Amino acid sequence: MFGIEKPMPNPTEDTEKYWEATRKGELLIMACGDCGHRYMPPMPICPVCWSESVKWTKASGRGKVYSFIVVHRPQHPAFFPDAPYNVAMIDLEEGPRIHSRIVTEPGQMIDPTLIKVDMPVEVVFEKIDSETTLPMFRPTT
Amino acid sequence: MTFKNSCAIAGIGLSKFGQRPGTSAMGFLLQACKRAVEDSGIDRNLVDGCLIAMPAVMGEQHGWATRVAAHLGITARLASTMDMGGATPIGAIQTAALYINAGMAKAVLVGFGMQNNPQGVPIAMMGSQFAFPYGDIGAITFMAHVARRQMHELGVTSRQYGHIAAAFREHASRNPEAQKRELFSVDDHQKSKWVVEPLRLFDCCLVTDGGGAVLVTSLEVARDLKNKPVVLSGAGQEHGAEMIFPGKPRQRPPGAYAADAAFEMAGVTRKDVDVAYIYDGFTPLVMHSLEAFGFCKRGEAGAFVESGALGLHGELPTNTHGGLLSEGHMYGVGHVAEAVRQIRGTAGERQIKDAEVVFVNGYGGAPHEAPPTCSFATLILTKDQGSLSRGTTS
Ligand SMILES: [Zn+2]
């Protein structure tokens, strides 16, 4: 049915710069050169004004928790050993909302009872392998 | 010819369903289509259209609707595979009516077949590279985020979700065909295991192998068949990605337009609805829908379901067959079939007295993407008021 490996990013022309940057410890988002809108996921036209002059820009890495869930029974068997694990949606201070995970430090899962909606967080980077580094978020005070 | 009151559901058919790994998706479809045609009593040679939901679990299936037509031996003037996820059957019923009104088909089968086990067919599991690596996979993680926001913004509680699940299970206990019939209480719901917190096992629909179909004809044709026609009086759709994704700023929740459109077309109000069929893949989707569709004001759905409003004798009897949560995941065709039974007056001990105006919705989307998309399709079904109303449809 499924392979045992976790589904990791398979970068395309539209996304490879994002994954390149995470390997260097930077979080990128898309910015519209005409109306200034910041958005994710990346796409070649601005979703607000449809401008084609869009480019990657560096995000501050600060944001707050919009939502979080705790997965006890994963849909994909590769995640069974990690369960229970959290997935959070983060509202970056520039505007975009992205999926991620709340950790205490890279590789260290947080006690999920400590996660709250609206909690301020900042990005940290967790190296999965030579290809993939995932942005995670940890609480800030 | 306008849409309102021009067409009708003349036949319904559900295949055998449940945990049935031995039957193919096509097998379920053919059985359901045959049963829908037989239920209507129409001469099978008059069936000339097939609108079939894409079997999402199996991935891309080229020419799926045409294969159904070919296997049924139908000379099809119309065959199309459609995809709005779980909103497909309701959306396809609307499409069938448009083709019939355009004179391009006379009797159209709308159906789905679902086999959750691969049976040698590779499963296509697309995914967003921005959500999958974190293990955010499937409709359930999406709905868990929806639930988290309902709890945060509106003060909805897990016990309130339990009231929805327990009400539909009570209905299923009266449905001999339902996959799950054992009663449970709100306390039992609270003891059921976390699947994806804040959702418990009893917040999630069943996994069902099966198929369903309905036959759509003009109202004129339906009147000459053996059952009382169930009239398509109102219809609406809405598609977008704003459930948990910051899209365009909007005044009203996703799904509101789809409901408004149907009520406006039918010329009836929420108060006129005798029975409702709300797509219930997960309990928070019902909570969302009650408010988005205008049955409750924002923030009031929790208290509404606690009051017993969804029960057979409640303010808004809902999913009298048990829904996806307890009858089985019949892709919304189970909802339509029960709506038809109510208007025909054949729902047995689940019958709502004098049911004449019924609301039905389908919901679906691509939760595997970021942003997760959602589609709403709605129908107002009514009892045929007789030939006096014919003049109003031209
Ligand atoms: Zn722009």
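Each reported figure results from applying straightforward, stated rules to the coordinates on display, with no laboratory input. Every value quoted in this text rests on a predicted model; they were computed, and no experiment measured them. A quick note on method: Cβ atoms are made from the backbone with ideal geometry, for glycine too, and the neighbour counts reach across all protein chains shown.
Phi-derived couplings, Karplus 6.51 cos²θ - 1.76 cosθ + 1.60 at θ = phi - 60°, listed residue by residue for segment B:327-336: 5, x, 7, 9, 6, x, 6, x, 5, 5 Hz, with x used for Gly and Pro.
Over segment A:1-74, the fraction of Cα-Cα pairs per 10 Å bin, rounded to whole percents and listed from the shortest bin up, is 16, 36, 34, 13, 2. Fully extending the segment from A:Met109 to A:His72, taken as 0.36 nm per residue of separation minus the present Cα-Cα distance, adds 11.9 nm.
Taking 0.36 nm per residue of separation and subtracting the current Cα-Cα distance, fully stretching the chain between A:Asp82 and A:Trp50 would add 7.5 nm. The calculated 222 nm mean residue ellipticity attributable to helices in the protein assembly as shown amounts to -7500 deg cm²/dmol, summing -39500 (n - 2.57) over DSSP H runs of n ≥ 4 and dividing by all residues. For the protein assembly as shown, the cysteines with no partner cysteine C-beta closer than 4.7 Å are B:Cys7, B:Cys33, B:Cys50, B:Cys204, B:Cys205, B:Cys296, B:Cys374. Put a plus charge on the Cβ of each Lys and Arg, a minus charge on the Cβ of each Asp and Glu, and nothing anywhere else: the dipole of chain B about its Cα centre is then about 400 debye. Projecting the alpha carbon convex hull of segment A:71-128 along each direction and taking the average yields 4.7 nm². Based on alpha carbons, the Rg and Dmax found for segment B:1-149 are 17.4, 54 Å. Working value for segment A:16-139: equivalent-ellipsoid semi-axes of 27, 16, 14 Å, each the square root of 5 times a Cα gyration tensor eigenvalue, largest first.
In chain B, the sites counted are GluC sites (Glu not before Pro) in DSSP loop states with at most 14 other Cβ atoms within 10 Å, and the longest stretch holding none of them, exclusive of the sites, is B:61-181.
Computing Rg and the Kirkwood Rh from the Cα coordinates of segment B:141-186 gives a ratio, Rg/Rh, of 1.12. Rg and Dmax over the alpha-carbon atoms of the protein assembly as shown stand at 23.8, 74 Å. Remark: segment B:201-313 is approximated by an ellipsoid whose semi-axes, taken from the C-alpha gyration tensor as √(5λ), come to 28, 19, 17 Å, largest first. A DSSP coil position with no more than 14 other Cβ atoms inside 10 Å describes the following GluC sites (Glu not before Pro) in segment A:20-81: A:Glu52. Computed over the alpha carbons of segment B:294-394, Rg followed by Dmax gives 16.1, 51 Å. For A:Met136, the amide hydrogen comes within under 5 Å of the amide hydrogens of A:Val124, A:Phe125, A:Glu126, counting only partners 5 or more places away or on other chains and with H modelled in the peptide plane. Free of any trypsin sites (Lys or Arg not before Pro) that DSSP assigns to a loop and that have at most 12 other C-beta atoms within 10 Å, the longest stretch within chain B is B:1-192. Percent of Cα pairs in segment B:143-239 per distance bin of 5 Å, from zero to the largest separation: 2, 10, 15, 14, 13, 14, 12, 9, 6, 4, 1.
For B:Glu349 and B:Thr75, the difference between the fully extended length at 0.36 nm per residue and the C-alpha to C-alpha distance is 94.7 nm. Once Rg and the Kirkwood radius are both taken over the C-alpha atoms of chain B, their ratio Rg/Rh works out to 0.94.
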